[in-house]
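Novice: Sharing a structure with you now.
The values are calculated or read from the model by the stated rules, or taken from the named source; none is laboratory data. Fair warning: this is a prediction, and the values are worked out from it, not measured in the lab. Here Cβ is always computed from backbone atoms with ideal geometry, including for glycine, and neighbour counts include all displayed protein chains.
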Amino acid sequence: MKVFFDERQLGHAPTHYFRRGAAMPHQEQPQRAEILRDMLIGEGFEITKPQDHGIAPIKAVHNPDYVDFLPDAHARFVESAGPDALAIPTMHPGVRRGKEPKDIHGQLGWWMTDTSTPLTEGSWDAAYWSAQTAVEAAETVAAGARATYALCRPPGHHAMRDCSNGFCFFNNACIAAHHLTQTYKKVALIDVDVHTGNGSLDILYERGDIFFCSLHPDPATYPTFYLGHADETGEGEGAGKSLNLLLEQGASQDDVLALLDKGIAAIRDFGAEALVVSLGFDMAADDPLAAVNVYPDGFAEMARRLAALNLPTALVQEGGYLGPSLADNAKAFLTTFREATA
């Protein structure tokens, strides 16, 4: 199984964000990717840097104006607010009426939904190369590889068409899935991160060529809130092509696997010709953002069941934070998937 990663993805280094009314250390740290990278090397995976596929695959999924805002946004913020200020939005339009402002502080609120994606000096390069890693994984699958793994960081599945959200700038999994539609008529994207793939739902909701399924706790009571309810099944050409499978908080490993089976059955019914997996290890029982209870053997079983779909597959890394079992969970899933698709 081919693996892709670029060290420039480590450049995004947020220190704090605001959660539940207080500033706290940011969970999405470069160390996450370093832990996964080192595990991969130790398990004999060969890691390759992605090629630069340019900005077009990103703009094919995201609002081009949003994409164009990001490259110099941090520098403009520092020029306005100084180097010690935290580059996060402090005001929002509420609803998308009116026009994008010219002021950097107004633009932050226009293009960023929350405080979880503070811009740092290396954020643009990290987000850009995270997306390129996903494109490379999809391109390699389209060229005939059975399976690839994109070690994407920062993650992507909360990023919506025209805004950042939930630690995410570009929706790497959707970028990969869209790229695969150039080769395959029907692509499925299944999200097994513990949080709802709200950005993916936003991007894919009216598409008929990409089936989307997400396993997550009820967004009425669990972040990222707002999107991912069971009755959100798609509109227009996408009617019936979105499936949200809701878990109880505290759900067992068996509960998760039972819902995964429902998602896999729906992918088969859709007739998918290729698969993208939004792969989160924050379903782990000891993850800092834990809500359900999956253990290494459960991640291995998830890998076996997804591999049994026997589809060309791009695995795209999402969450999984600095809990004690992060490396063990990743090892269990990725080595099992490698063996099952060899």
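Novice: Checking residue 54 against (1) within 24 Å of the chain's Cα centre (by Cα); (2) surrounded by 14 or more Cβ atoms within 10 Å (Cβ to Cβ), which single condition isn't satisfied?
Specialist: Residue 54 satisfies all of (1) within 24 Å of the chain's Cα centre (by Cα); (2) surrounded by 14 or more Cβ atoms within 10 Å (Cβ to Cβ) except (2).
Novice: Yes or no: residue 258 more than 22 Å from residue 179 (Cα to Cα), buried (at least 19 other Cβ atoms within 10 Å of the Cβ) and not acidic (Asp, Glu)?
Specialist: Numbers: more than 22 Å from residue 179 (Cα to Cα): yes; buried (at least 19 other Cβ atoms within 10 Å of the Cβ): no; not acidic (Asp, Glu): yes.
For residue 258, the condition - more than 22 Å from residue 179 (Cα to Cα), buried (at least 19 other Cβ atoms within 10 Å of the Cβ) and not acidic (Asp, Glu) - is not met.
Novice: Just to be sure before I move on: is residue 251 in contact with a helix residue (DSSP H, G or I) (Cβ under 9 Å, 6 or more places away or on another chain), of a type in the set (Gly, Ala, Ser) and either surrounded by fewer than 17 Cβ atoms within 10 Å (Cβ to Cβ) or modelled with pLDDT of 95 or more (or both) in the structure I sent? Break it down stepwise before answering.
Specialist: Working: in contact with a helix residue (DSSP H, G or I) (Cβ under 9 Å, 6 or more places away or on another chain): yes; of a type in the set (Gly, Ala, Ser): yes; either surrounded by fewer than 17 Cβ atoms within 10 Å (Cβ to Cβ) or modelled with pLDDT of 95 or more (or both): yes.
Here the answer is yes, as residue 251 does meet what is asked.
Novice: Of all the residues that make up region 2-18, how many are of a type in the set (Lys, Arg) and either without any contact (Cβ under 8 Å) to a residue 60 or more places away in the chain or not in a strand (DSSP E or B) (or both)? Write out each step before concluding.
Specialist: So in region 2-18, the residues of a type in the set (Lys, Arg) come out as 2, 8.
Among the residues that remain, those that are also either without any contact (Cβ under 8 Å) to a residue 60 or more places away in the chain or not in a strand (DSSP E or B) (or both) are: 8.
The qualifying residues number 1.
Novice: Identify the single condition in (1) without any contact (Cβ under 8 Å) to a residue 40 or more places away in the chain; (2) part of a strand (DSSP E or B) that residue 188 does not satisfy, given that it satisfies every other one.
Specialist: Residue 188 satisfies all of (1) without any contact (Cβ under 8 Å) to a residue 40 or more places away in the chain; (2) part of a strand (DSSP E or B) except (1).
Novice: Check region 204-213 and report whether any residue there is part of a helix (DSSP H, G or I) and surrounded by 21 or more Cβ atoms within 10 Å (Cβ to Cβ).
Specialist: The first filter runs over region 204-213 and keeps only residues part of a helix (DSSP H, G or I), leaving 204.
After this cut, where a residue has to be surrounded by 21 or more Cβ atoms within 10 Å (Cβ to Cβ) as well, the list is 204.
Within region 204-213, one or more residues are part of a helix (DSSP H, G or I) and surrounded by 21 or more Cβ atoms within 10 Å (Cβ to Cβ).
Novice: Residues in region 261-268: is at least one out of contact with any strand residue (DSSP E or B) (no Cβ under 9 Å at 6 or more places or on another chain), farther than 28 Å from residue 234 by Cα and assigned to a helix (DSSP H, G or I)?
Specialist: Within region 261-268, not a single residue is out of contact with any strand residue (DSSP E or B) (no Cβ under 9 Å at 6 or more places or on another chain), farther than 28 Å from residue 234 by Cα and assigned to a helix (DSSP H, G or I).
Novice: Find the residue count for region 101-156, including only residues that are surrounded by fewer than 21 Cβ atoms within 10 Å (Cβ to Cβ), of a type in the set (Val, Ile, Thr) and touching a Phe, Trp or Tyr at 6+ places or on another chain (Cβ under 7 Å).
Specialist: The total comes to 2.
Novice: Out of all the residues in region 19-61, which are acidic (Asp, Glu) and touching a residue at least 40 places away in the same chain (Cβ under 8 Å)? Before the answer, list the steps.
Specialist: Filtering region 19-61 for residues acidic (Asp, Glu) gives 28, 34, 38, 43, 46, 52.
28, 38, 43, 46, 52, listed by residue number.
Novice: Residues 276, 256: which one is of a type in the set (Val, Ile, Thr), touching a Leu at 6+ places or on another chain (Cβ under 8 Å) and not in a helix (DSSP H, G or I)? Spell out how you get there, then give the answer.
Specialist: Numbers: 256 fails: not in a helix (DSSP H, G or I).
Selected residue: 276, the only one of 276, 256 that is of a type in the set (Val, Ile, Thr), touching a Leu at 6+ places or on another chain (Cβ under 8 Å) and not in a helix (DSSP H, G or I).
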